[in-house]
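Only one structure is covered here, and it is reproduced in the block below.
Every number in this text was worked out from the coordinates using simple rules, so none of it is lab data. None of these values were measured; they are calculated from a predicted model. Cβ placement follows ideal geometry from the backbone for every residue including glycine, while neighbour counts extend to all protein chains displayed.
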């Protein structure tokens, strides 16, 4: 579904992503693991066009994404749940979800998706009229994921969805990611919580200072000595 | 002061305030989205009045046609200014865009001097606006009513657009976070252009109504009302549309009523807005409805 080839990203003089290539096959959950500053977010932001890569190619369903505007990329079926949730604080919960469906005109299906989001996150339905800025961190994360789903993406990318959440809430988010994937959505996940992310994913890449240093099935990587030392704290 | 006289001043203050509000909304919307004080906005106001003058006096169009033409062309001018002078600088430091805005302001002002000459020209208005209505013992010029009614309708229509339609949703999303708005598949360039269409149209209406109220046009006519409308936007909380409306009305009322109560101050009439600006900046710099800067977690 998504193929990244030789991606290079620079911020000024800093070489943040160094020739990264990766594949996200249809219907799978793929995870990028790595320390802060390893370039994970930069890869996601390049895919969705918020960052302009210096070189490389990003193909989604065979179409080149590099050079296209973010709004066009999102319309074509890729969406990103940004790091730090970034819900519209002054909007109500419903308005946030409607913003997610901004480019769509299929009213009937929007309603269906809204119902689906509410069934995934019943808390959002309870707070439908509340301003998003007043929600708790966990609820805001639910809203950010729900809002992304409202664009009816084929590929859902999530940047640190469990960041800053209590373990129980984080577990809830991981469970939902599994459910979303079971519904046929492909997921590309960036996570600090490597253990949980590796368990969940079909395939994973380990990044260090902008390079992929290791890749493999999630379950295999969990057994890898280096991964255990560096990311699982053993 | 008799009650009748007070009501007369009140109507006058509200109508002047409505004009400030119409212009202030344009400042505040552009600031809300681009964090830019659009110094050319006062010149856009002037352009609206001049284009109506051209339509009526030179092209001999009917009143309505001339005003509609003026509003449409002024909106186009606003979009052109954004495309040429602001859009190329969107990723530049904010001070660069500000300087560009000041340059556009001087450019437009001098263009109007070159095209129309520096001398004031009288602005023909529909005869209905020469009349004064008597309500009991209160005398109110028809133009005062027209200004209040037109402004009220426009402000309500704008609120509807902002809070009930998709383009409004896009504008509000953009004013809170550009990148996240892009992730909602919102077309940033289109939405910014639409913001300039709305702001410039309201300024054009303000300019036309101003020229009907004080029936003449000159290339510098937008200077003082533009500055005062900017003060009104700051007063209400810049970036906030309701705030701009409230700020405009307060400023108009303060100006008219203070002079009415203390006629000796009438020479300082124009200073009131700037005293108000200093006071609000000392007391509550974010304005009446402005929010304290939110700290991102």
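Which semi-axis lengths, in whole Å and largest first, follow from the square roots of five times the eigenvalues of the Cα gyration tensor of segment A:55-171?
Calculated on Cα positions only, the semi-axes equal 25, 18, 12 Å.
Relative to the longest principal axis of the Cα atoms of chain B, helix B:94-116 runs at roughly 40 degrees.
With an 8 Å Cα cut-off and a minimum separation of 6 or more residues, compute the relative contact order for segment A:86-152 in percent. It rounds to 57 percent for segment A:86-152. Between segment A:175-234 and segment A:93-146, how many Å separate their Cα centres? Computed from Cα coordinates, the inter-centre distance equals 27 Å. Working from Cα pairs under 8 Å separated by at least six residues, relative contact order for chain B is 36 percent.
Can you give the translational diffusion coefficient of segment A:106-169 in µm²/s, computed by Stokes-Einstein from the Kirkwood radius over Cα pairs at 25 °C and 0.890 mPa s? Walk me through the numbers on the way to the answer.
On the way: Rh = 12.6 Å.
So the translational diffusion coefficient is about 195 µm²/s.
Look at where the Cα atoms of segment A:1-34 and of segment B:174-190 average out, and the two centres are 24 Å apart. Think of it as helices only: each DSSP H run of n ≥ 4 in chain B is worth -39500 (n - 2.57), and spread over all residues that comes to -23000 deg cm²/dmol at 222 nm.
In this structure, residue A:163 and residue A:69 have a Cβ-Cβ separation that, at R0 = 30 Å, corresponds to a calculated FRET efficiency of about 0.65.
Among B:235, B:154, which comes first, second and so on when ranked by fewest other beta-carbon atoms within 10 Å? Write out the running numbers ahead of the final one.
Working: B:235 30, B:154 19.
Ascending Cβ contact count within 10 Å gives the list B:154, B:235.
Starting from the coordinates of the alpha-carbon atoms of segment B:177-297, obtain the Kirkwood hydrodynamic radius over all distinct pairs and give the value in Å to one decimal.
On the way: mean 1/r = 0.0603 Å⁻¹.
Its Kirkwood hydrodynamic radius stands at 16.6 Å.
For the protein assembly as shown, take the convex hull of the Cα atoms, compute a quarter of its surface area, and give me that in nm², please. Mind dumping the intermediate values first?
Numbers: hull surface 116.5 nm².
So the mean shadow area of the Cα hull is 29.1 nm².
Listed from fewest to most Cβ neighbours within 10 Å, the set A:20, B:128 follows the order B:128, A:20.
Binning the C-alpha pair distances of segment B:190-235 at 10 Å intervals from 0 yields a P(r) profile of 24, 47, 26, 3 %, listed from the shortest bin outward. Evaluated over the Cα positions of chain A, the convex hull gives a direction-averaged projected area, one quarter of its surface, of 12.3 nm². P(r) tail for segment B:3-283: Cα pairs beyond 34 Å make up 18% of the total.
The antiparallel fraction among DSSP beta bridges confined to the protein assembly as shown stands at about 60%.
Over chain A, calculate the relative contact order: mean separation of alpha carbon pairs under 8 Å at least 6 apart, over the residue count, as a percent.
27
Take every residue in peptide B:169-181, count the Cβ atoms of other chains within 10 Å of its Cβ, and give the average of those counts.
Details: counts 7, 2, 0, 5, 7, 0, 2, 7, 5, 2, 8, 11, 6.
For peptide B:169-181, the averaged partner shielding equals 5.
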